[in-house]
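What follows is one structure encoded as structure tokens, with my remarks underneath.
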Amino acid sequence: MRRPFSLSFAHVLFFCFFCGAAAGTAGANLLGKEILSGGAADAIHKASCVGAVLDWGEKKLLWRYVFRQRMKEFGLAVLVGLTPFSALGFAAAAFAGGLGGGFMLSIATLQSGVSGLFLFLLALLPQWLFYLPVWMILAVKAEDGLEQMKFRYWPVLLAAVLTGIFLEAYINPWLWRF
């Protein structure tokens, strides 16, 4: 008997991401006045504009910080993909990513209006053009087990993560000048 409706693991990941985005948007809209009036708007503005005045030493520190954070995330994703709970772990990561993204987009829009959307994209788009395919490949391959993934994929994934780190540490602050 044929099943009339079935979900693949990719569908589950998209569903978790969009549920997280909806929850993040709702949370930001419910807490928006408190967040923006509590000085968070100034902190967000200072954090977004700090990249415009970084000297070479500060950029190296930013590189080290971003490198450590993203390598920890990449390593954690690989370790989760090797466990029997990889599907649950990547579904939770998709929900958390949607939650954070929806929250950030809503706060940027509450603070800056429609131009907040462009600021949000400017802050995330360059590096996430490389991080997102890596995450998606790890998530989809984790369904079958990352230990069975071919070795030739690993250097490509690592190079994509390193390119994303470079964009996040050096190109993003340069883009914020404009």
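Quick check, is PHE118 in a helix (DSSP H, G or I), over 15 Å from GLY20 (Cβ atoms) and free of Cβ contacts under 8 Å to residues at least 24 places away in the same chain? So PHE118 passes the test. Candidates are the residues of region 3-51 that are under 22 Å from the mean Cα position of the chain (by Cα) and polar (S, T, N, Q); the one that is modelled with the lowest pLDDT is SER48.
Does region 90-113 contain at least one residue that is among the aromatic types (Phe, Trp, Tyr) and surrounded by fewer than 20 Cβ atoms within 10 Å (Cβ to Cβ)?
The answer is no; no qualifying residue exists.
Across region 52-77, the qualifying residues are those that are at pLDDT 85 or above and surrounded by 17 or more Cβ atoms within 10 Å (Cβ to Cβ), and the one among them that is nearest to the chain's Cα centre (by Cα) is ARG70.
The values are calculated or read from the model by the stated rules, or taken from the named source; none is laboratory data. These numbers come from a predicted model, not from an experiment. Here the Cβ is made from the backbone with ideal geometry for all residues, glycine too, and neighbour counts use every protein chain on show.
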